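Undergrad: What follows is a structure written as structure tokens; I'll ask about it next.
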Amino acid sequence: MPSNKSSSKKAAKSSCCAGGMGGWLKFFAVLLGVLTPVWYLLEENLERFYIFNLEQLHSVATRAVDTHGNDTRAIVNYIVDELAGQVSLSSFVNRDEEWVFNNAGGAMGAMYIIHASITEYLIIFGTAVGTEGHTGRHTADDYFHILTGTQLAYVPGEYEPEIYPPKSVHHLRRGDVKQYKMPESCFALEYARGWIPPMLFFGFADGLSSTLDLPTLWRTSWLTGKQMIGNLARGKF
């Protein structure tokens, strides 16, 4: 008789677990069904959320290099001053120039965040000593406007590198991946448009698994969050 009771309890427990699992599966199925059309609608209307113009950014980067040559500090100031001077952009441009290290994909450099929101970011990224690494495979198109120095890129199957000198733009399409290298000092105006939050995992991975530079991770999180939340409060998605 005790054996029958034990079997009944086990069967009831098993039935309860199966019911609980089934409930969770239904919940995730409903959630997926609700979020999928929302995501599709947002994806189809991403262009409406962008405030930066590709031609405009290329123009200001080119004119900055033409005006200041290899003076990277002056080039950066020129770019930020011009963007901040435009009425439509002034409240979205961060003029508080603070540089933080960035380790991602094995490469190391530093960045100054000019703008960060859910659908766009604009930064100055570079290094004075050179670096090399993995671009990452991202949920946004990335436009790397070379200001000083040279960037090299490699795609599997090719036998020659892609070469990007000053005033050129390296466009890494959403979903693509490359190896890249800055042999020596190189700085760029980097602009990404698409879904920015998923890119943050790549940006933090090396810091969490390799360098363990917690102060830099904290400061990067603070600066990024401040920008994203602040711009969201201004109505910039």
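Undergrad: Suppose we filter segment 205-224 for residues that are open to solvent by less than 80 Å² (accessible area, probe 1.4 Å) and not in a helix (DSSP H, G or I); how many remain?
TA: Total meeting the criteria: 1.
Undergrad: Look at THR119 and say whether it is polar (S, T, N, Q), under 30 Å from GLY235 (Cα atoms), within 15 Å of the chain's Cα centre (by Cα) and open to solvent by 30 Å² or more (accessible area, probe 1.4 Å).
TA: So THR119 does not fit the description; no.
Undergrad: Go through (1) under 16 Å from ILE75 (Cα atoms); (2) free of Cβ contacts under 8 Å to residues at least 24 places away in the same chain and name the single condition GLU158 misses.
TA: Only one criterion is unmet by GLU158, namely (1).
Undergrad: Within segment 152-161, work out how many residues are surrounded by 14 or more Cβ atoms within 10 Å (Cβ to Cβ) and more than 22 Å from the chain's Cα centre (by Cα). Lay out the reasoning, then the answer.
TA: Restricting attention to segment 152-161, the residues satisfying the condition of being surrounded by 14 or more Cβ atoms within 10 Å (Cβ to Cβ) are 152-154, 161.
Narrowing further to those that are more than 22 Å from the chain's Cα centre (by Cα): 161.
Total satisfying the criteria: 1.
Undergrad: Are any residues in segment 67-85 more than 19 Å from ALA128 (Cα to Cα), open to solvent by 50 Å² or more (accessible area, probe 1.4 Å) and touching a residue at least 12 places away in the same chain (Cβ under 8 Å), and if so, which ones?
TA: Listed by number, the residues that qualify are TYR78, GLU82.
Undergrad: Select from segment 206-237 the residues that are under 14 Å from PHE101 (Cβ atoms) and in contact (Cβ under 8 Å) with a residue 60 or more places away in the chain and list them in ascending order.
TA: Scanning segment 206-237 gives ASP206, GLY207, SER210, THR211, ASP213, THR216, ARG219, THR220, LEU223, THR224.
Undergrad: Pull up segment 122-149, narrow it to residues that are under 22 Å from GLN56 (Cα atoms) and open to solvent by 20 Å² or more (accessible area, probe 1.4 Å), then point me to the one that is farthest from the chain's Cα centre (by Cα).
TA: In the first step, residues of segment 122-149 are kept if they are under 22 Å from GLN56 (Cα atoms); the result is 122-126, 140-149.
Next, from what is left, pick out any that are open to solvent by 20 Å² or more (accessible area, probe 1.4 Å): 141, 143, 149.
Numbers: ASP141: 9, TYR143: 11, GLY149: 22 Å.
Among those residues, the one meeting the criterion is GLY149.
Undergrad: Okay, next question. Scan segment 178-204 for residues that are open to solvent by 30 Å² or more (accessible area, probe 1.4 Å) and assigned to a helix (DSSP H, G or I) and report the count.
TA: Result for segment 178-204: 4.
Undergrad: Do we find a residue being in contact with a Pro (Cβ under 9 Å, 6 or more places away or on another chain), farther than 22 Å from THR220 by Cβ and open to solvent by 20 Å² or more (accessible area, probe 1.4 Å) anywhere in segment 86-99? Give the steps one after another, and end with the answer.
TA: Here is the first cut: in segment 86-99, the residues in contact with a Pro (Cβ under 9 Å, 6 or more places away or on another chain) are none.
No; the residues of segment 86-99 include none that is in contact with a Pro (Cβ under 9 Å, 6 or more places away or on another chain), farther than 22 Å from THR220 by Cβ and open to solvent by 20 Å² or more (accessible area, probe 1.4 Å).
The values are calculated or read from the model by the stated rules, or taken from the named source; none is laboratory data. Keep in mind that this is a model prediction, so the values were computed, not measured. Cβ sites come from the backbone with ideal geometry, for glycine too, and all protein chains shown count toward neighbours. Areas reflect the complete protein model, heavy atoms only, side chains present, ligands, DNA and RNA absent. Shrake-Rupley method; radii C 1.70, N 1.55, O 1.52, S 1.80 Å.
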